[in-house]
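Take a look at the structure set out below.
The values are calculated or read from the model by the stated rules, or taken from the named source; none is laboratory data. Owing to the predicted nature of the structure, the values given are computational and were not obtained by experimental measurement. Cβ placement follows ideal geometry from the backbone for every residue including glycine, while neighbour counts extend to all protein chains displayed.
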Amino acid sequence: MKSSKQTKTIAFIFLFLLGIIWVVPILWLLLSSFKLDSDFITSFANVKGPGDYLTRLIPREWTVVNYVEMFVGGEGTNTTANIMAMFKNSFIVSIASTIGTLLLTSMSAFAYERLHFKNGNKVFWALMYMSMFPNVVNLLPMFRISNALGWVNNLNALIWPSMAGVFNIFLIRNFMKGIPKDLDEAAAIDGASSLQIFTRVILPSIKPVLIVVGLFAFNGAWNDFLWPSIIMTNPDNQTLTPGLRLLSGQYEQKWAHMIASCLVSMVPPFVLYMVAQKYFLQGISVQAAVKG
């Protein structure tokens, strides 16, 4: 019993320190976003120690001008980077990708796990092995295909390729293993088709893992940097994460403005996670679901 308490204490201390490591940079960004640019540039000059550094984190003069000018513009900025258009594009791409991913991966997982078509398991594991190649290998083929379809500078190039995530299929399929097949057989005896079994029996049972996959899909689309930077050359069609690179040129030495922009880009995924936190923690326990 004593050893168990010591283990819990050590784990708590470790997690507490790890939490501090994660929180401190966010706190640094948050406080710096309320500083004037001149204050930010000079606040960390000639620091005399850790205590002095901590006191300089606090803004000398609190201001929200960095957030206001981000959306309405201000002196020293230009219109090469339209942050409102980037927000709109990011929401369109992320929501469409999430819906498409949930639909495609859940139906694929159902087919691999329940329909038992010929060589289905071999096809699935072949896809799993191929998915282990680095994503950068796919960039040239994806660009050539997108160019042939006329999707350069088109949001379709960001939406459709992100839907078929083999790892998401694997995750849903493993969760689906924990659902008794007796439910399928009972529904089939009552005259239900495969589509009805999927929509009325399977989907309600895999809701937790679907929320996890939805969070992964939304965050992946929202935070994607490399592919949008390649396929989108028009700033008006750019999403927010790669668009921050354009904002860095727009704001030049206005670092506090740039920090405020980065913080704003973090808000939607954070809010989404907080709303779905209960289901996320439930859904990631895939192995527990399989055993149950």
(request) Answer yes or no as to whether Lys207 is surrounded by fewer than 18 Cβ atoms within 10 Å (Cβ to Cβ), touching a Phe, Trp or Tyr at 6+ places or on another chain (Cβ under 8 Å) and within 18 Å of Met107 (Cβ to Cβ). (result) yes
(message) Quick check on Met258: is it modelled with pLDDT of 85 or more and not acidic (Asp, Glu)?
(response) no
(request) Could you pull out every one of the helices (runs of 4 or more DSSP H) wholly within the range 133-227 that has 2 or more residues that are on the phi < 0 side of the Ramachandran plot, of a type in the set (Gly, Ala, Ser) and under 22 Å from the mean Cα position of the chain (by Cα)? (result) 207-223
(request) Might you let me know whether the range 158-165 holds any residue that is hydrophobic (A, V, I, L, M, F, W, C) and surrounded by fewer than 14 Cβ atoms within 10 Å (Cβ to Cβ)? (result) no
(request) Report yes if Trp227 is hydrophobic (A, V, I, L, M, F, W, C), surrounded by fewer than 19 Cβ atoms within 10 Å (Cβ to Cβ) and over 14 Å from Glu113 (Cα atoms), otherwise no. (result) no
(request) Please find, within the range 230-239, the residue that is nearest to Trp151 (Cα to Cα) out of those that are part of a helix (DSSP H, G or I) and at pLDDT 90 or above. (result) Ile231
(request) Output yes when any residue across the range 138-155 is under 30 Å from Gln238 (Cα atoms) and among the charged types (D, E, K, R), and no when none is. (result) yes
(message) Tell me whether the range 175-189 contains one or more residues that are closer than 30 Å to Pro134 by Cβ, assigned by TED's automatic domain parsing to the domain that holds Leu115 and of a type in the set (A, V, I, L, M, F, W, C).
(response) yes
(request) Within the range 28-64, work out how many residues are loosely packed, with under 15 Cβ neighbours inside 10 Å, under 30 Å from the mean Cα position of the chain (by Cα) and free of Cβ contacts under 8 Å to residues at least 40 places away in the same chain. (result) 2
